[in-house]
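Below you'll find the structure, written out as structure tokens, and then a few comments.
The values are calculated or read from the model by the stated rules, or taken from the named source; none is laboratory data. From a predicted model like this one, the values you see are computed outputs, not experimental measurements. When we count neighbours, we look across all protein chains shown, and the Cβ atoms used for this are built from the backbone with ideal geometry, even at glycine. Each accessible area value is taken on the protein alone, full model and side chains, heavy atoms only, with ligands, DNA and RNA left out. Shrake-Rupley method; radii C 1.70, N 1.55, O 1.52, S 1.80 Å.
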Amino acid sequence: MELAVSGVGAPEKEAAVEGLSRQRLIEIYRLMALSRSLDDREILLKRQQKIFFQISAAGHEALQVGAALALRPGYDWFFPYYRDRALCLALGVTPGEMMLQAVGASTDPASGGRQMPTHWSSPSLHIVSTSSSTATQLLHAVGCAEAGRYFSRHPEAAERATGDYRAFRDVTFHGDEVVLACIGEGSTSQGEFWEALNTASNAKLPVIFCVEDNGYAISVPVEVNTPGGNISRLVANFPNFHFAEIDGTDPVACLLAFQAAAEYCRAGLGPAFVHGHCIRLYSHSLSDDDRLYRSTAERAADTLRDPVTRMQMRLMRDGILTAEQVDELERWVEREAGEAAARALEAPLPSVASIPAHVYSEDLDPSSCTFATEAVSDADRGDAETNAARTMVDLINACLHDEMRRDPRIVVYGEDVADASREGALEEVKGKGGVFKLTAGLQTEFGSERVFNSPLAEANIVGRAVGYALRGMKPVVEIQFFDYIWPAMHQIRNELALMRWRSNGNWAAPVVIRAPIGGYISGGAIYHSQSGESIFTHIPGLRVVFPSNALDANGLLRTAIRCDDPVLFLEHKRLYRESYGRAPYPGQEFSIPFGKAKVVRAGTHITLVTYGAVVPRALQAAEQARRLHGIDVEVLDLRTLSPYDWEAIAVSVRKTSRVIVAYEDMLSWGYGAEIAARIADELFEDLDAPVKRIGAMDTFVAYQPVLEDAILPQRETILKTIVNLRKF
Ligand SMILES: Cc1ncc(C[n+]2csc(CCOP(=O)(O)OP(=O)(O)O)c2C)c(N)n1
Ligand SMILES: [Mg+2]
């Protein structure tokens with residue numbers, strides 16, 4: 001963006017302030033003033049109801065411009081938050097692009113009209129799509145830095161490959177790249193802030209954490225969020241950090257502070273923490289009125305620290321700009337903002353037809369026949385001796401080994417998944433490899449850079465995975481028990497599953513989350529027996545897989561790893577070592593497409609739709625129904641829950657006209673509710689009886705096995721329902 005102002009923007013030889021040239025100082029001021037002008041223009045548009053939301057950077061401009069000018073767009077990586085207009089402007093997002101997002105145009109390059117204004121995204125500048133959630137982005141920044149370091153150490157992993165998600169990822173990296181992550185001071189109360197500092201510190205990652213401290217989180221003042229009122233004092237003991245606490249209204253001080261921080265990070269010394277005291281000149285957003293909770297004196301004091309006014313006065317005082325030149329620059333800035341707004345108001349609106357685009361990958365469909373391969377058993381390979389039936393644990397572990405050998409971009413981490421974090425111990429001990437041993441031997445074979453323990457923090461696990469995946473890596477992470485997935489729920493729903501859709505296909509986070517799930521384990525009790533899959537199938541953008549046997553687990557995990565969407569891979573603990581469903585090793589290329597159910601027992605009288613640990617129970621009940629009552633039940637194992645195989649359900653129900661949907665989770669609001677509703681809706685004409693559901697009681701699972709047995713659906717309940725349904 002050239003500034004056509006006489007005398008402004010002309011090259012200047014002599015240094016003016018703190019080693020910054022006159023040219024540089026004017027550029028800083030221009031960016032700050034333009035950012036302010038864009039905010040003011042948006043406020044006008046909001047008042048005219050031409051845009052629908054406004055949140056401003058007013059009072060933060062100095063800090064943000066200082067940060068941007070110390071770093072390299074398109075080289076370093078940026079995880080801004082919603083107030084970072086001046087940052088993004090200085091990185092290269094244009095006023096026109098900002099206004100396109102404000103009006104929600106189809107040509108809004110950040111989100112195609114899906115996100116509020118100032119929810120940034122620019123792949124070419126390395127500005128990663130940002131949400132409205134506070135603090136989640138810090139963990140993405142950490143994962144991003146880890147990925148950059150990994151590629152620098154293993155450049156061969158960046159090579160493009162075909163046949164899986166890698167075909168659609170251009171990987172770039174630099175050995176001295178830096179990641180910037182910004183946050184407000186109020187949001188440092190979030191656990192994810194501390195979880196991010198934890199890993200950045202431990203791993204000495206090149207992340208600059210920038211706290212933009214304007215003293216308020218909407219109406220809540222800093223001392224309520226931060227004990228003692230100063231975040232710098234609280235974080236001061238984190239090892240390996242470079243710390244700076246600065247006047248965030250002085251752009252020169254800010255630029256110098258970020259330059260020093262970047263230098264520290266680029267040298268590989270560790271992360272940096274830059275705490276800038278700035279002001280919130282306007283209310284939190286245009287939906288807020290700070291006169292309701294701030295005194296007049298306090299607001300007036302802030303106005304005196306307005307960074308744009310102060311920079312303007314400084315440039316005039318130091319003889320860098322004359323009053324006429326300031327006027328000229330102000331007119332130019334106004335014109336820029338006005339023209340950008342006028343153009344945006346003419347821009348096309350998104351079409352309703354575009355809504356479903358980018359919920360999932362448009363490039364790689366995991367339901368496609370590409371993933372339908374034949375199992376090659378050891379016997380086929382002439383190795384009959386090793387053709388023994390293996391457990392689900394064995395075949396999941398085998399798949400992880402195979403895929404990690406094939407794809408150097410896979411990292412595996414979670415709680416206790418490593419063989420031993422203290423590597424030296426492995427000379428004398430066997431290693432842990434997960435509480436259920438699913439990851440046994442992976443660290444020993446692939447090393448601690450690819451297989452490692454995370455902190456005991458589930459949001460940390462998933463949040464970092466998002467950052468890794470954005471860079472083209474494939475994190476296959478473990479949540480130790482489904483019962484403890486909840487701290488990661490914010491990351492799963494608001495970040496992982498949404499990354500592609502909210503950025504209109506700019507970014508994607510194809511992560512695999514493995515989680516042991518379910519009960520029937522006698523004594524698992526409330527916190528080691530939970531189901532809850534429907535809570536995740538209710539999230540657009542997330543694939544949910546739930547195998548019932550060893551072979552399916554192996555083939556579906558391979559598809560999950562190779563595909564381009566985030567996948568929640570649910571492993572039923574009761575099935576891990578069950579004799580039911582064991583299978584020989586199917587070979588390194590065996591995969592099963594998503595959304596393909598399996599008829600595990602053919603029948604003509606009743607369809608029983610189920611999955612997971614209810615499958616073997618349903619098969620037993622079906623066998624008894626045949627033996628004792630002559631009823632012929634068809635059992636359908638869905639295998640994947642999102643997507644699910646509607647065709648297979650419909651074909652079977654049309655044949656039998658009677659259907660039971662059986663699942664382990666609590667009956668009400670469970671997964672079967674949706675299946676039953678759709679059958680009732682779309683197959684009404686084919687039905688001879690009401691659609692029946694079987695699920696657990698509407699309670700959690702109790703410890704005492706007598707209670708557990710009564711709470712969870714059993715073979716007897718299924719049999720009874722089959723017999724009753726046949727009577728209709
Ligand atoms: C996880 C989450 N909780 C609550 C909100 C609602 N909210 C939006 S901004 C905000 C205040 C943030 O304050 P601060 O971090 O100081 O940033 P500032 O807006 O002052 O720059 C709140 C509570 C949110 N967006 N995300
Ligand atoms: Mg704040």
Quiz item: Hey, A157 hits all of (1) under 29 Å from D365 (Cβ atoms); (2) within 12 Å of ligand 1 (Cβ to nearest atom) but one; which does it fall short on?
Solution: (2)
Self-check item: helices (runs of 4 or more DSSP H) completely within segment 526-645 that count 2 or more residues being open to solvent by less than 20 Å² (accessible area, probe 1.4 Å) and of a type in the set (D, E, K, R)
Solution: 550-562
Quiz item: Restricting attention to segment 430-458, which residues are over 20 Å from the mean Cα position of the chain (by Cα) and of a type in the set (G, A, S)?
Solution: G431, G433, G434, A440, G441, G447, S448
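For every residue, the table says whether it meets (1) open to solvent by 70 Å² or more (accessible area, probe 1.4 Å); (2) of a type in the set (A, V, I, L, M); (3) closer than 27 Å to R30 by Cβ; (4) in contact with a helix residue (DSSP H, G or I) (Cβ under 6 Å, 6 or more places away or on another chain).
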position: P271; (1), (2), (3), (4): no, no, no, yes
position: H277; (1), (2), (3), (4): no, no, yes, no
position: S285; (1), (2), (3), (4): no, no, yes, no
position: L292; (1), (2), (3), (4): yes, yes, no, no
position: S295; (1), (2), (3), (4): no, no, no, no
position: A300; (1), (2), (3), (4): no, yes, no, no
position: P307; (1), (2), (3), (4): no, no, yes, yes
Self-check item: Pair list, Cβ < 6 Å and 6+ apart or interchain, from segment 602-615 residues that are closer than 15 Å to P643 by Cα to residues that are part of a loop (DSSP other than H, G, I, E, B)
Solution: Y611/F546; Y611/L638
Quiz item: Looking only at segment 646-681, which residues are out of contact with any strand residue (DSSP E or B) (no Cβ under 6 Å at 6 or more places or on another chain), in a helix (DSSP H, G or I) and either free of Cβ contacts under 8 Å to residues at least 24 places away in the same chain or within 18 Å of G532 (Cβ to Cβ) (or both)?
Solution: E647, V651, A673, E674, A677, A680, D681
Self-check item: Residues (open to solvent by less than 80 Å² (accessible area, probe 1.4 Å) and more than 34 Å from the chain's Cα centre (by Cα)) located in segment 673-691
Solution: A680, L683, D686, L687, A689, P690, V691
Quiz item: Quick check, is S232 assigned to a helix (DSSP H, G or I), within 16 Å of ligand 2 (Cβ to nearest atom) and either touching a Ser or Thr at 6+ places or on another chain (Cβ under 7 Å) or open to solvent by less than 50 Å² (accessible area, probe 1.4 Å) (or both)?
Solution: yes
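Using the structure shown, decide if V178 is modelled with pLDDT of 95 or more and open to solvent by less than 20 Å² (accessible area, probe 1.4 Å).
It is true that V178 is modelled with pLDDT of 95 or more and open to solvent by less than 20 Å² (accessible area, probe 1.4 Å).
The rows are residues; the columns are (1) under 25 Å from G518 (Cβ atoms); (2) under 33 Å from the mean Cα position of the chain (by Cα).
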{"residue": "L641", "(1), (2)": "yes, yes"}
{"residue": "I649", "(1), (2)": "yes, yes"}
{"residue": "I660", "(1), (2)": "yes, no"}
{"residue": "K720", "(1), (2)": "yes, no"}
{"residue": "K727", "(1), (2)": "no, no"}
Practice problem: Could you please find all residues in segment 323-357 being without any contact (Cβ under 8 Å) to a residue 40 or more places away in the chain and β-branched (V, I, T)? | Solution: V326, V352, I355
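Going through P73, P80, P95, P109 one at a time, which residue ends up being touching a residue at least 12 places away in the same chain (Cβ under 8 Å) and within 16 Å of ligand 1 (Cβ to nearest atom)? If you could, list the steps in order and put the result at the bottom.
Numbers: P73 fails: within 16 Å of ligand 1 (Cβ to nearest atom); P95 fails: within 16 Å of ligand 1 (Cβ to nearest atom); P109 fails: within 16 Å of ligand 1 (Cβ to nearest atom).
Answer to the selection: P80.
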Quiz item: Pairs, please: C-beta under 6 Å, at least 6 apart or cross-chain, first residue part of a loop (DSSP other than H, G, I, E, B) and in segment 302-322, second charged (D, E, K, R)?
Solution: I320/R22
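Just one of G215, G184 is within 16 Å of ligand 1 (Cβ to nearest atom), at positive phi and out of contact with any His (no Cβ under 7 Å at 6 or more places or on another chain); which is it? First the steps, then the outcome.
Details: G184 fails: at positive phi.
Only one candidate passes the filter, namely G215.
Suppose we filter segment 268-285 for residues that are outside any strand (DSSP E or B) and either farther than 22 Å from V211 by Cα or within 16 Å of ligand 2 (Cβ to nearest atom) (or both); how many remain? Lay out the reasoning, then the answer.
Narrowing segment 268-285 to residues outside any strand (DSSP E or B): 268-271, 278-285.
The next check asks that each one be either farther than 22 Å from V211 by Cα or within 16 Å of ligand 2 (Cβ to nearest atom) (or both); those that pass are 278-285.
Qualifying residue count, segment 268-285: 8.
Mind checking which residues of segment 183-201 are outside any loop (DSSP other than H, G, I, E, B), touching a residue at least 24 places away in the same chain (Cβ under 8 Å) and open to solvent by 20 Å² or more (accessible area, probe 1.4 Å)? Can you show your working first?
In the first step, residues of segment 183-201 are kept if they are outside any loop (DSSP other than H, G, I, E, B); the result is 183-184, 186-189, 191-201.
Restricting the remaining residues to those that are touching a residue at least 24 places away in the same chain (Cβ under 8 Å) gives 183-184, 186-189, 191-193, 195-201.
Those that are outside any loop (DSSP other than H, G, I, E, B), touching a residue at least 24 places away in the same chain (Cβ under 8 Å) and open to solvent by 20 Å² or more (accessible area, probe 1.4 Å): S189, G191, E195, N198.
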Practice problem: Report, by residue number, each residue of segment 245-256 that is surrounded by 20 or more Cβ atoms within 10 Å (Cβ to Cβ) and more than 17 Å from N214 (Cβ to Cβ). | Solution: V252, L255
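Every residue, every condition in (1) under 21 Å from N506 (Cβ atoms); (2) under 25 Å from the mean Cα position of the chain (by Cα); (3) surrounded by fewer than 19 Cβ atoms within 10 Å (Cβ to Cβ), yes or no:
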site	(1), (2), (3)
C144	yes, yes, no
F151	yes, yes, no
A157	no, yes, no
K204	no, yes, yes
V207	no, yes, no
A217	no, yes, no
P227	no, no, yes
Self-check item: Subset of segment 59-75 [of a type outside the set (A, V, I, L, M, F, W, C) and surrounded by fewer than 24 Cβ atoms within 10 Å (Cβ to Cβ)]
Solution: R72, P73, G74, Y75
